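Here the structure is laid out as structure tokens; the discussion comes afterwards.
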Amino acid sequence: MHNTLIALLSFSALLLIQSCQQASQEENPVDSDLYEKIQTQLINAQTGDVIEIPAGTYHLDRSLSLEGVSNVTIRGAGMDATILSFKNQKAGAEGLRITADSVTIEQLTIMDTKGDGIKAQDCKGITFRKVNTSWSDGAKASNGGYGLYPVSSEDVLIDSCMASYASDAGIYVGQCNNVIVRNSLAFENVAGIEIENCTNSKVYNNIARGNTGGILVFDLPELPAGNGSLCKVYDNVIEANNHKNFAPEGNIVGIVPPGTGLILLAAKGVEIYNNKILNHKTMGIAIASYHITEEKWNDENYDPYTYDVYIHNNSFERERAVPDLTKDFGKLINYLFPGKPQDIIYDGILDDTREGSNPMNLCIQESSDGLRFANVDAANDFENVEKDLSKYDCTIQ
Amino acid sequence: MSNRALKLIFLYTIFTLLFIQNCQRPSSVQTSTSVNFQPEAIPYQYLSEYSFFTTPLPQQQANASVIAYEPRTALFTDYAHKARFVWMPDSVQASVAADGSILFPNNTVLIKSFYYPIDFNKPEENRRMIETRLLIKKARQWEAFTYLWNEEGTEAKLNLIGDIQEVSWNDKAGIAHTVDYIVPNKNQCKSCHNRNSELLPIGPKAQHLNGAFTYQSTKTPNQLQHWQEAGILEAGNWQNQFAPTPIWNDPQTENLEARALAYLEVNCGHCHHPEGPAHTTGLYLGKDFIDDRTKLGQCKPPVAAGKGSGGRKYSIVPGQPDSSILYYRMLSDDPGVMMPEIGRAIAHEEGLALIREWILEMNGACN
């Protein structure tokens, strides 16, 4: 009897505590003081200022923005210590928006923005160091599109960052020149790291794990930056990117089949080497022309082909798996190679204006045992699927 | 009485006098009849210090040298009413650029007050004043300053970091509305007022001003003419040179597409322009892009819309507004989806109806 009473009391006490916690979690009172303080500093910032955000979890209902002042550093007390939560965001399409030169953002976490985590546009010099962006409910289509989103910028450095659960790309670098993405971890996004219409990019020493597609190098039409080129992807671990594709339709990443390590789409001048490409249920590397999307474009300067590609010295591992059946490209792999994940898939679509025995200048030198390669001859309804790699045994300096 | 006590009384008196003076300062400026503009002292802490308006301030009765104006098609801001004015120093004039942009001299001030009549059927009565934005051209560069009104609507104070205010009104049909009105912070001004990363005015273009305007029962047959008569615009045949912008909700001014494009140009085209902040999207909105319908969004896939695509494949699918991203984002009130990104919290039903009709009547198919 006595014991039962104690048990009941403890139980009700627990319930009480739980409901209190829930209430305070739901209310998330807005930290207006911190918003006012930081945004005022951002508005009044002078060249060279360091704006420090102390340790703590802060709930903000509006975007923070820095505009037009160069050489400003926005610094938290650490990725785990300074957390800006936008769960109750009422206004602004991103958590933090930067339009300024030589800016550094470091040591903080941005959570639950309604749109993108951090957008940096038209910056000459933008560095993200030890910055984390995420969404607390995990992978959901209603999450913002991009975690770290530098666009139309030059001299972009993303170093030692983390990005997860973005409904498009965790780390998305679009229409930029001179880009480095290194030492970072992208997990359970639709795309882990995406380099789109960029010139001169290096992606190295990163881990892309558990996304739908690990690393994407894309060139899309109708963009003011025009065609991109020159991208090196090396020393990365690209592992088990088998996540369901939860991107809203319409976005280019919506076509990525779960179980994809790397995709080159209309990419030019790409070198991929020394990567560990592990356990993808559909394909390790896909080399494709934009024609494969069957989308039209109306941009006479657009070059839809992938060429000047050198893939070498990567290590591939596969587990037994059934390739994806949710997206067209996954279905295609299953149709051509039932139940057999592939290592390197090439659509074989050629630019008729190029000549020679290897017109697209595609070089592949891989030594993994039992490597599964196929040119699927997509231009001719997959009539002549070729598994022989010898044609592509060349180097590009 | 001791010396010490006298000293105390003296100090107290001085303090009180200072205090009174301090409190009265703004209202003492308010009674002056000409505009008070000292470039080195700009921005003032209080709106009244400029003496743009005679008292009482909320009526926005402009001083003689402050000229009210209105663009033919205006940006939607959560149904806020707007009163716009321009002031220039004596003996200088604005000129007109080849594209119709009005080129203002230094020390010009563009003034825009945002307010809500409690009852939209009585717009002159019982106004809730929210903010007054000033665009000031200092040494050839524009700067933006926002003044936030107090609750009594008697004074507005300089504000940098913006605000969120709950506002209620009854529309013309008597239906009650409430919105969290968002006052942008200083940095956000440039999210819209931006050409090649330079802060610039949006509204004052010859095309937008080429028409009549009635302000507080004074009718101006043509604003460009009026500006010239007032001596603030260089003489020229502007009325004929720059065809009037269609009035988006007046079918007598232009056909459906022209009105839709005028609406999009004014509401979206400041960003969605090759030199605007949304240049990265390749989506350019306004009549200047009519020759390339992909740029206008027709069958154009999104670039970086993220969840803003709403599962739709193209910005505009002819005949199908509900499959068009453009329409979806104008309809949305989710900050991560809606367009424009800032400047509204609710959708503009009447504007949406226009865009819907335009897309419905558009010919063609995607893929």
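The values are calculated or read from the model by the stated rules, or taken from the named source; none is laboratory data. A quick note: this is a predicted structure, and the numbers were derived from the prediction, not measured. Positions of Cβ are backbone-derived with ideal geometry, glycine not excepted, and every protein chain shown enters the neighbour counts.
Structure values in brief
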| read-out | value |
| --- | --- |
| Residues of segment A:108-133 classified as crowded, with 23+ Cβ neighbours inside 10 Å and more than 19 Å from the chain's Cα centre (by Cα), total | 1 |
| Selected residue [in contact with a strand residue (DSSP E or B) (Cβ under 9 Å, 6 or more places away or on another chain), at pLDDT 95 or above and either at positive phi or among the β-branched types (V, I, T) (or both)] from A:D308, A:D324 | A:D308 |
| Only one of A:G269, A:G261, A:G254 that is under 15 Å from the mean Cα position of the chain (by Cα) and surrounded by fewer than 24 Cβ atoms within 10 Å (Cβ to Cβ) | A:G254 |
| Those residues of segment B:318-355 which are over 25 Å from the mean Cα position of the chain (by Cα) and within 11 Å of chain A (Cβ to nearest Cβ), in sequence order | B:S323, B:S324, B:I325 |
| Subset of segment B:296-307 (residues that are at negative phi and at the interface with chain A (Cβ under 7 Å from one of its Cβ atoms)) | B:K300, B:P301, B:P302, B:V303, B:A304, B:A305, B:K307 |
| Residue in segment A:297-305 that is within 23 Å of A:A186 (Cβ to Cβ), modelled with pLDDT of 95 or more and in contact with a Lys or Arg (Cβ under 8 Å, 6 or more places away or on another chain) present | no |
| Count of residues meeting criterion [at pLDDT below 95, of a type in the set (D, E, K, R) and crowded, with 18+ Cβ neighbours inside 10 Å] in segment A:272-296 | 1 |
| Test: residue in segment B:133-151 that is small (G, A, S), closer than 19 Å to B:P39 by Cα, part of a strand (DSSP E or B) and within 14 Å of another protein chain (Cβ to nearest Cβ) | yes |
| Residue within segment B:93-104 that is in contact with a strand residue (DSSP E or B) (Cβ under 8 Å, 6 or more places away or on another chain) and closer than 23 Å to A:N44 by Cα present | no |
| Selection within segment B:272-295 - buried (at least 22 other Cβ atoms within 10 Å of the Cβ) and over 17 Å from A:A225 (Cβ atoms) | B:L285 |
| B:Q252 being within 14 Å of another protein chain (Cβ to nearest Cβ) and over 29 Å from B:L199 (Cβ atoms) | no |
| Residue check for A:N241: touching a strand residue (DSSP E or B) at 6+ places or on another chain (Cβ under 8 Å) and in a strand (DSSP E or B) | no |
| Elements of type strands (runs of 3 or more DSSP E) contained in segment A:169-208, each with 2 or more residues being farther than 21 Å from A:A141 by Cα and away from chain B (no Cβ under 14 Å) | A:177-182, A:199-204 |
| Evaluation of B:Q216 against (1) away from chain A (no Cβ under 14 Å); (2) surrounded by fewer than 22 Cβ atoms within 10 Å (Cβ to Cβ); (3) at pLDDT 90 or above (one fails), failing number | (3) |
| Subset of segment A:346-397 [more than 20 Å from A:F316 (Cβ to Cβ) and aromatic (F, W, Y)] | A:F382 |
| Complete set of residues in segment A:347-397 that are in contact (Cβ under 8 Å) with a residue 60 or more places away in the chain, crowded, with 17+ Cβ neighbours inside 10 Å and not in a loop (DSSP other than H, G, I, E, B) | A:L362, A:A378 |
| Given (1) away from chain B (no Cβ under 14 Å); (2) at pLDDT below 95; (3) not in a helix (DSSP H, G or I), index of the condition A:E26 fails | (3) |
| Number of positions in segment A:145-168 that are within 12 Å of another protein chain (Cβ to nearest Cβ) and of a type in the set (D, E) | 1 |
| Residue check, A:I118 assigned to a strand (DSSP E or B) and either in contact with a Pro (Cβ under 9 Å, 6 or more places away or on another chain) or on the phi > 0 side of the Ramachandran plot (or both) | yes |
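Each row is one residue, and each column tells you yes or no for (1) in a loop (DSSP other than H, G, I, E, B); (2) in contact with a strand residue (DSSP E or B) (Cβ under 6 Å, 6 or more places away or on another chain); (3) not assigned by TED's automatic domain parsing to the domain that holds B:I42.
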site: B:T154; (1), (2), (3): yes, no, no
site: B:S168; (1), (2), (3): no, yes, no
site: B:A173; (1), (2), (3): yes, no, no
site: B:Y181; (1), (2), (3): no, yes, no
site: B:S191; (1), (2), (3): no, no, no
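Residue by residue, here is whether (1) aromatic (F, W, Y); (2) outside any loop (DSSP other than H, G, I, E, B) holds:
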| site | (1), (2) |
| --- | --- |
| A:C231 | no, yes |
| A:P248 | no, no |
| A:G261 | no, yes |
| A:I277 | no, yes |
| A:K281 | no, no |
| A:W297 | yes, no |
| A:E300 | no, no |
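Residue by residue, here is whether (1) modelled with pLDDT of 85 or more; (2) out of contact with any Gly (no Cβ under 7 Å at 6 or more places or on another chain); (3) within 18 Å of B:L135 (Cβ to Cβ); (4) crowded, with 20+ Cβ neighbours inside 10 Å holds:
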| position | (1), (2), (3), (4) |
| --- | --- |
| B:Q24 | no, yes, no, no |
| B:S34 | yes, yes, no, no |
| B:P39 | yes, yes, yes, no |
| B:I42 | yes, yes, yes, no |
| B:T73 | yes, yes, no, yes |
| B:D90 | yes, yes, no, no |
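Here's the yes/no breakdown for (1) away from chain B (no Cβ under 11 Å); (2) modelled with pLDDT under 95; (3) buried (at least 17 other Cβ atoms within 10 Å of the Cβ):
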residue	(1), (2), (3)
A:S32	no, yes, no
A:Q39	no, no, yes
A:V50	yes, no, no
A:H59	yes, no, yes
A:N71	yes, no, no
A:D80	yes, no, no
A:I83	yes, no, yes
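Residue-by-condition table, conditions (1) without any contact (Cβ under 8 Å) to a residue 12 or more places away in the chain; (2) closer than 19 Å to B:P246 by Cβ; (3) out of contact with any helix residue (DSSP H, G or I) (no Cβ under 8 Å at 6 or more places or on another chain):
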site: B:G308; (1), (2), (3): no, no, no
site: B:G311; (1), (2), (3): yes, no, yes
site: B:Y314; (1), (2), (3): no, no, no
site: B:D333; (1), (2), (3): no, no, yes
site: B:P340; (1), (2), (3): no, no, no
site: B:L354; (1), (2), (3): no, yes, no
